[in-house]
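Every number here is computed from the coordinates shown, using simple stated rules; none is lab data. These figures come from a predicted structure and were not determined experimentally. Positions of Cβ are generated from backbone atoms using ideal geometry, with glycine treated the same way; all protein chains shown enter the neighbour counts.
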Amino acid sequence: MFNALACRSELYASKQYHWGIMNLNKYLIGLVATVATSSVFASPLLNEGFNNISTLASSGWVMTNNSTGSVGGSADVANGLTNWFQGDTFPFGAAAGPGTSYIGANSLNTTFGGAISNWLITPEVALSNGEKLNFSLRLFGEGLKDTVEVYYSAHGASANVGSTTSSVGDFVRLQTYSSDTDTDWQNYSVSLSGLSGNTTGRFAFRYVNAAGEGNLIGIDSVSISAVPEPTSALMLLLGLGVVGLSRKKLRLLALAGLSASTLVATAAEPQTTGPNGLMSFPNARVAVQPELNGSATPTGNGMVAYKDAATGQLVGPSAEQAAELAAATVPASSAKFAAASARVKAGGRAAPLTTSRGGVGLALDESTDSYAVVHKDADGKLIESCVPGENVAQHLAHGHSLPAVQGEQQ
């Protein structure tokens, strides 16, 4: 008669292998889908369609008109001058959405014959190299030169553009668009570069024209695209490559998966903080769950549900059921839990454990392991049985006549 194997059987392992490969494939496909819908295709930091420009100020937008004749950053509207205004369907409608859903500026931003310098500044946003400002722009021209310049400032919430027609304050120019004919609506994307590191700041549009120039311009559909996280992009590429592998090659993926997880964790440059030595990662929050122990006393009751025999639905307990449950509840005193833990250490059955918040778990011992026990039958045939750890001794003593949880013949 053969001795019980000290480790899990090859038979059991081979069965679990096929299950593991199937679930690994599902995991990887799920990983690709999750990453592809997260930071690789990052959500816009800003998205504005200008349906109602009266709400812009409360959203953090700033409008500053430094054109000739303006006072304190605003034109003399009472005398027929304009600042930024809600779009109109004449002489043209919006690039997207309702006809008036764009923001406009025109030659009346200044007094007759004056120079125009009218600023439209976005709310403060996160800035990083590679970030993109996307927008739709229309220069009406019609014989008069219309010019719009695009700027950025890496000075946080500052909206300082100075107070003259030529001043730019904290802002740096990125791009210039100019035409003396109608350009129709055009879509543009401007990339940010040259930053020494990630910071915060603002983008800005400046309608700027020399004296006697300028007609009408419109701006629509402004958005700011965040830069994808490099670690997420790496995981997406890894996942796409892995899903295409054959089953034979998937044998190597257990190690590859651990390596990829380690790579993602280390690439985020964690820093140890706090008395517990927990690591913090960008765009991640670490929550501490109390460890299961045998002495904690629950501070409240957990959720209880009963399965209705007639409908099969989960329902709340009746008053009678609740009273019965309360009478049968396992005492939570530290002494009794300590005794239960001692029984586990002595080789007894797994005892329930609780957390201070009412969580319930089990401390598993060796009795939950499975062993392959091989016997030699009278006719010389080997009989292999899969036996729970707690029954191994009895099975060895009584032979294969003792029923096993699971067995196969070889």
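What the table below lists for this structure:
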{"read-out": "Cβ-placed point charges (K, R +1; D, E -1), dipole of the stretch 44-225 about Cα centre in debye, nearest 20", "value": "340 debye"}
{"read-out": "Residue-wise HN-Hα coupling along the stretch 146-153, computed from phi with Karplus coefficients 6.51, -1.76, 1.60 (Hz; x: Gly, Pro)", "value": "9, 10, 10, 10, 10, 10, 9, 10"}
{"read-out": "Amide H contacts under 5 Å for LEU174, placed H, 5+ residues apart", "value": "VAL150, TYR151, TYR152"}
{"read-out": "Using a Förster distance of 51 Å, the FRET efficiency for ASN198-TYR306 (Cβ separation, nearest 0.05)", "value": "0.45"}
{"read-out": "Gain in span if fully extended, THR55 to GLN394, counting 0.36 nm per residue against the direct Cα distance", "value": "114.2 nm"}
{"read-out": "The stretch 176-210 and the stretch 83-155: distance between their alpha carbon centers, rounded to Å", "value": "9 Å"}
{"read-out": "Distance (nanometres) between label positions extended 7 Å along Cα→Cβ at GLU142 and ALA96", "value": "2.7 nm"}
{"read-out": "Mean Cβ count within 10 Å, highest first, over the residues of peptides 178-184, 67-73", "value": "67-73, 178-184"}
{"read-out": "Amide H within-cut-off set for ASN160, under 5 Å, with H built and near neighbours excluded", "value": "ASP170"}
{"read-out": "Residues ARG173, ARG206, sorted so that the one with the fewest Cβ neighbours within 10 Å comes first", "value": "ARG173, ARG206"}
{"read-out": "Proxy reagent accessibility, fewest Cβ within 10 Å first, across PHE90, PHE112", "value": "PHE90, PHE112"}
{"read-out": "Calculated from backbone phi, Karplus (6.51, -1.76, 1.60) coupling profile of the stretch 180-190 in Hz, x at Gly/Pro", "value": "10, 10, 5, 8, 6, 6, 10, 9, 10, 9, 10"}
{"read-out": "The stretch 116-206: C-alpha gyration tensor shape, a/c 1.5 cut-off, then a/b vs b/c", "value": "oblate"}
{"read-out": "Phi-based couplings in Hz for the stretch 305-313 (Karplus 6.51, -1.76, 1.60; Gly and Pro marked x)", "value": "9, 10, 8, 5, 5, 7, 9, x, 8"}
{"read-out": "Length gained when the stretch ALA126-ASP184 is fully extended (0.36 nm per residue, less Cα-Cα span)", "value": "17.8 nm"}
{"read-out": "FRET efficiency, 1/(1 + (r/R0)^6) with R0 56 Å, evaluated for GLU324 and ASP377 via beta carbons", "value": "0.65"}
